[in-house]
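Take a look at the structure below.
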Amino acid sequence: MLDTGDASYIKKLNRKILIEEIIKNRSLSRSTLARITGLNKATVSAQISGLLHENIVIEKSEGELVTRGRKPILLEINGDAGYSIGIDIDEDNINIIFTTLKGKPFHKMVLVKDSQLGQITNQLIDEINPIINKFNRIYQPIGLVGVGVGIHGIVNNKNDIIFTPNQQWSNINITEKLVEAFETTVSVDNNANFSVFAEQVYENNLADLFCITLHSGIGLGIINENKIYRGYQGFAGEIGHMIIESNGDFCACGNQGCWELYASEKILTTKLLERFPTLSLPDGIKELDQDETYHAILDDYLDYLAIGLNNVINIFNPEKIILNGSIINGNSPYISKIEDRLTSKINNYREISASRLGPDASALGGAASALKSFYGVNMINFNDYNYVKNIS
């Protein structure tokens with residue numbers, strides 16, 4: 001006979017399994033849920049009763065008769081019962097996205113950020129709290145379930161901001177202040193970690209997935225066996241500070257020749273605007289297709305980008321790499337140009353692609369991470385919800 005501890009553990013495990021399947025399948029009956037999970041109908045019924053009581057799940061009758069007799073009762077996540085918030089604090093702006101309990105984005109705002117993190121924290125509280133009060137009245141009875149904050153820098157496993165190269169923030173914890181103000185759970189993580197999580201949740205249901213962010217610097221988010229790989233203290237993925245030029249340009253991190261000094265889109269943008277001051281980015285890129293100077297700048301940039309990618313591929317052997325940058329996302333031919341530069345016979349990967357989530361990836365990942373914590377599950381899969389076309 002199981003003791004109390006074993007019974008409690010199994011009950012929690014069954015709950016996780018059922019919630020994951022309900023999210024993944026969007027809508028399904030109790031009998032289908034029992035069949036695909038392998039749980040007996042009594043267990044499924046007991047668990048669903050609890051989820052209904054908590055307003056996490058709702059029942060709906062199928063619109064059309066499948067067989068004669070009663071219409072089957074379908075279960076789905078009660079999307080409008082609550083919501084989460086994802087926040088991405090980038091170099092110049094703060095991108096904020098609100099999603100329902102089904103992960104559907106329903107409100108987005110962009111703030112021009114202050115320079116100091118303390119001021120930014122107050123700015124977030126002042127701007128977001130009135131909106132939380134508004135949406136708590138609409139998304140009932142659960143309301144706000146959590147907030148995820150993405151930082152472009154090093155964040156440890158305790159949510160402490162250790163260092164941000166661009167802003168020079170170091171050894172700061174903003175979590176407690178945000179928890180007190182928002183009255184919910186708050187997690188802080190590296191923006192690349194949130195970005196790769198969003199890619200898995202919304203676009204690429206893969207157990208092994210890499211996302212390289214190229215916007216203001218270069219970061220790497222790694223999902224390995226369906227878990228974000230963080231390293232010893234949470235610092236993994238800082239490949240923007242991988243040295244690719246011995247005695248190269250000086251970096252704010254303290255090294256010389258860091259990859260992001262040569263291959264971030266910030267660097268590409270700077271070089272393009274120096275040569276083409278009136279260029280509108282990223283859309284204006286297409287107008288330069290016949291310009292030799294543009295191609296010289298681009299070739300130099302892609303050479304450096306490929307050097308770093310070659311290192312990442314040879315070290316990690318990833319299944320899929322997603323590149324996320326404002327220029328590369330809208331210019332898919334860049335991908336083939338990069339792949340043409342990966343000539344090593346030991347390069348081994350399945351696919352490189354541009355992100356469809358774009359600059360919203362980190363904020364979406366923060367919101368999805370808050371949902372994952374709220375549900376207490378190991379995985380969230382919104383791939384079949386077709387949200388991506390409505391994002392941005």
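The values are calculated or read from the model by the stated rules, or taken from the named source; none is laboratory data. Quick caveat, the model's predicted, so the values are computed rather than measured. We place every Cβ from the backbone using ideal geometry, glycine too, and count neighbours over all the protein chains shown.
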Could you pull out the residue among 157, 133 that is closer than 29 Å to residue 237 by Cα, outside the structural domain of residue 233 (by TED's automatic domain parsing), of a type in the set (S, T, N, Q) and modelled with pLDDT of 75 or more?
157
On the basis of being at pLDDT below 95, assigned to a loop (DSSP other than H, G, I, E, B) and on the phi > 0 side of the Ramachandran plot, does residue 103 make the cut?
no
So which residues in region 331-364 are surrounded by 13 or more Cβ atoms within 10 Å (Cβ to Cβ) and either part of a loop (DSSP other than H, G, I, E, B) or of a type in the set (S, T, N, Q) (or both)?
331, 342, 347, 349, 353, 355, 356, 357, 362
Looking only at helices (runs of 4 or more DSSP H) that fall completely inside region 1-100, which ones have 3 or more residues that are basic (Lys, Arg) and at pLDDT 95 or above?
4-25
Quick one: which strands (runs of 3 or more DSSP E) sit completely within region 184-250 and have at least 1 residues that are over 26 Å from residue 348 (Cβ atoms) and outside the structural domain of residue 331 (by TED's automatic domain parsing)?
186-190
Single residue of region 160-192 satisfying the filter (touching a Phe, Trp or Tyr at 6+ places or on another chain (Cβ under 9 Å) and at pLDDT below 95) that is farthest from residue 91 (Cα to Cα)
171
Do any residues in region 78-97 that are within 15 Å of residue 364 (Cα to Cα) and buried (at least 22 other Cβ atoms within 10 Å of the Cβ) have Cβ atoms under 7 Å from those of residues that are small (Gly, Ala, Ser) and modelled with pLDDT under 95, where the two are at least six apart or on different chains, and which pairs are they?
87/150; 88/150; 89/150
Of all the residues that make up region 365-376, how many are part of a loop (DSSP other than H, G, I, E, B) and within 24 Å of residue 152 (Cα to Cα)?
0
Which one is nearest to residue 229 (Cα to Cα) among residues in region 300-336 that are aromatic (Phe, Trp, Tyr) and touching a residue at least 60 places away in the same chain (Cβ under 8 Å)?
316
